[in-house]
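Quick notes on the structure that follows.
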Amino acid sequence: MKELVRLRMRPSRDGKSFRYMLDYVDHSGKRRQISLGHTDRRQAERQRQEKDLELRMNVSGPISMKLTNFFRDSLARTKGQVRATTLSETARSMKDFVECVGDIDMQEVRYEHGERFIQFCFDRIILPVFWTSG
C-alpha cells in the first residue's frame, strides 16, 4: 500500500542538528510540510502513521475531469494572481494543447502527450517567406 505521508529529516540552519517533518498532500490537493519539532525517530514514525491513517479515513478518489474543464478551473483560480497577458498566453497554450491531444481526462495525460505537443508547436511555426520560395 502506498504511503500518503512521508517522513523527512530537515537540517537546521547551522547544519549541526535536524528535525523530523511530515510531508503529504492534503484533501484540497495542497502539499503540506509539518515540522514535528523533535528528533525522536519512533515518535516521528508514530505521528506519520497517525497522519497517514487520518488521510486514508477521509480520502476520496481522484477527481475525473476533462482538460477543458481543468483548464477553465485553473484559469479562474489564477486570475487575480497573474497579469492579464500571462493569463491570455496560458489560455492560448491550453487551447492548443487540447487541440493537439484532444479533450481527454486530465488523469490520462502522459509524458508522450507533452512530447506530441512540443512537436505540434514546432510544426505550427510559420517559415519566413524567403525559405518557402524556391
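Tabulated values for the structure
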quantity	calculated
Any chance E3 is of a type in the set (D, E), part of a loop (DSSP other than H, G, I, E, B) and either out of contact with any strand residue (DSSP E or B) (no Cβ under 9 Å at 6 or more places or on another chain) or farther than 30 Å from D123 by Cα (or both)	yes
Residue within segment 15-29 that is closer than 30 Å to R92 by Cβ and surrounded by 12 or more Cβ atoms within 10 Å (Cβ to Cβ) present	yes
Neighbours by Cβ (under 6 Å, 6+ apart or cross-chain): first from segment 94-113, farther than 18 Å from L75 by Cβ; second of a type in the set (S, T, Y)	D105/S64
In segment 33-48, the residues that are surrounded by 12 or more Cβ atoms within 10 Å (Cβ to Cβ) and among the basic types (K, R)	R48
Residue that is nearest to S12 (Cα to Cα) [pool: residues in segment 25-72 that are aliphatic (A, V, I, L, M), assigned to a helix (DSSP H, G or I) and touching a residue at least 12 places away in the same chain (Cβ under 8 Å)]	A44
Conditions (1) surrounded by 11 or more Cβ atoms within 10 Å (Cβ to Cβ); (2) within 30 Å of D123 (Cα to Cα): number failed by Y111	(1)
Selection from segment 49-58 of residues that are aliphatic (A, V, I, L, M) and surrounded by 11 or more Cβ atoms within 10 Å (Cβ to Cβ)	L53, L55
Long-range neighbours under 6 Å by Cβ, at least six apart or interchain, first residue loosely packed, with under 11 Cβ neighbours inside 10 Å within segment 73-92, second of a type in the set (D, E)	none
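Here's the yes/no breakdown for (1) at pLDDT 90 or above; (2) of a type outside the set (A, V, I, L, M); (3) assigned by TED's automatic domain parsing to the domain that holds R19:
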| position | (1), (2), (3) |
| --- | --- |
| T39 | no, yes, yes |
| E45 | yes, yes, yes |
| R72 | yes, yes, no |
| T85 | yes, yes, no |
| E108 | yes, yes, no |
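The values are calculated or read from the model by the stated rules, or taken from the named source; none is laboratory data. Only a predicted model underlies this, so the values are computations on that prediction, with no experimental measurement involved. Cβ sites come from the backbone with ideal geometry, for glycine too, and all protein chains shown count toward neighbours.
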